[in-house]
1. Can you give me the number of residues within the stretch 271-294 that are buried (at least 18 other Cβ atoms within 10 Å of the Cβ) and modelled with pLDDT of 90 or more?
2. So, restricting to helices (runs of 4 or more DSSP H) that lie completely within the stretch 119-207, which ones have at least 3 residues that are over 26 Å from residue 223 (Cβ atoms) and out of contact with any helix residue (DSSP H, G or I) (no Cβ under 6 Å at 6 or more places or on another chain)?
3. Quick one: which residue in 266, 248 is crowded, with 21+ Cβ neighbours inside 10 Å and over 21 Å from the mean Cα position of the chain (by Cα)?
4. Which condition from (1) assigned to a loop (DSSP other than H, G, I, E, B); (2) among the aliphatic types (A, V, I, L, M); (3) farther than 19 Å from residue 184 by Cβ; (4) modelled with pLDDT under 95 is the one that residue 81 breaks?
5. Kindly list the number of the only condition in (1) surrounded by 14 or more Cβ atoms within 10 Å (Cβ to Cβ); (2) assigned to a loop (DSSP other than H, G, I, E, B) that fails for residue 238.
6. For the stretch 203-226, which positions are touching a residue at least 60 places away in the same chain (Cβ under 8 Å) and among the aliphatic types (A, V, I, L, M)?
7. Could you figure out which of (1) in contact with a Gly (Cβ under 7 Å, 6 or more places away or on another chain); (2) buried (at least 19 other Cβ atoms within 10 Å of the Cβ) isn't true of residue 116?
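The values are calculated or read from the model by the stated rules, or taken from the named source; none is laboratory data. The structure displayed is predicted, hence computed values, not measured ones. Cβ placement follows ideal geometry from the backbone for every residue including glycine, while neighbour counts extend to all protein chains displayed.
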Amino acid sequence: MKRPFILVLVMMAGLAGLAIGLAASRTERPRVVRATPSSASSASYVLTANKAKSAATSAQDHVVRFASHPQPMPAFLVNDLDGNPVSTAAWKGKVVFVNFWATWCPPCRAEIPVLIDLANRYKDRLQIVGVSVDDGDPADVKQFAKQAGINYPIVMADRAIVAEYGGVAALPTLFVVSPEGNVVQKHEGLYSNALYEAEVRLLLGLPVDATIETFEDTGQIFLKNAALATELPNVDFTGLNPEQKKAALKRMNSETCDCGCKLTLAQCRINDTSCPVSKKLAAQVVKEIAANTATPAPATPVSSPPVNTQPN
């Protein structure tokens, strides 16, 4: 074998090993969402190109969706990158954006100017806090924040904060909190300034060309509410009667997905609709429930003893 060919093989092997190493180093990181999800649970707000087009636009293009029975924002008290205390208790009366992000996440970086702009224009009534999930030196995050011109506090995520917010499987993830301190929406991925501003103005009672539509949180915001869901993404319950469907959902809320997410099947379907493992396992549960169609034989009625009608 010629030496140049051997060198090529060695270089290819080295590159392959590097690629595997890079992939392995990020297996514990949240997935990066590069586009706005089209899920029905997400808020939708479409800006029109001009006033004439706006007049002809369907009212559905200006709909902001908030949870009908929102739950309180998980509280935390930590120091920011400058050593200043950051307490959620101090934000009562303001709209709050809790933004989970990372310096290595391209959509997160693209979102920063939007958040800076909103923080500037609504600084007295909007509080933004960035929760960095970077696993490196906080000093590097601080340097990045300075260079990016971030004008809102940045704190480093820990297991407790991530757990309180139900786990963060995608970046960026932004929780929208009402002035009453309740989480009314969660956005995974990159959304427009128009949507965020519409949410801020609606929650503050300011004029805006948008209306509110409510939804029940069945895992879209907090995964623990997946047990309330009657439907799951890409799970076909066709063919099951109501009792069977209830049994299937109960199993999916009690059995753990094998993909390594440590979530239930129901939570994984909601959390990551692209997961092939939970999709396959959920379909298997439906199949097994549907196959168990045998009905028990009716119980044999117990004969009553003959009534003695003869006089004693």
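1. 8
2. Hits in the stretch 119-207: 138-148, 193-204.
3. Within the list 266, 248, the selection yields 248.
4. Result: residue 81 passes all but (4).
5. Among (1) surrounded by 14 or more Cβ atoms within 10 Å (Cβ to Cβ); (2) assigned to a loop (DSSP other than H, G, I, E, B), the lone unmet condition for residue 238 is (1).
6. Matches in the stretch 203-226: 203, 204, 210, 212, 221.
7. (2)
Residue-by-condition table, conditions (1) among the hydroxyl-bearing types (Ser, Thr, Tyr); (2) surrounded by fewer than 14 Cβ atoms within 10 Å (Cβ to Cβ); (3) at pLDDT 95 or above:
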{"residue": "43", "(1), (2), (3)": "no, no, no"}
{"residue": "49", "(1), (2), (3)": "no, yes, no"}
{"residue": "55", "(1), (2), (3)": "no, yes, no"}
{"residue": "58", "(1), (2), (3)": "yes, yes, no"}
{"residue": "64", "(1), (2), (3)": "no, no, yes"}
{"residue": "90", "(1), (2), (3)": "no, yes, no"}
{"residue": "95", "(1), (2), (3)": "no, no, yes"}
{"residue": "98", "(1), (2), (3)": "no, no, yes"}
{"residue": "104", "(1), (2), (3)": "no, no, yes"}
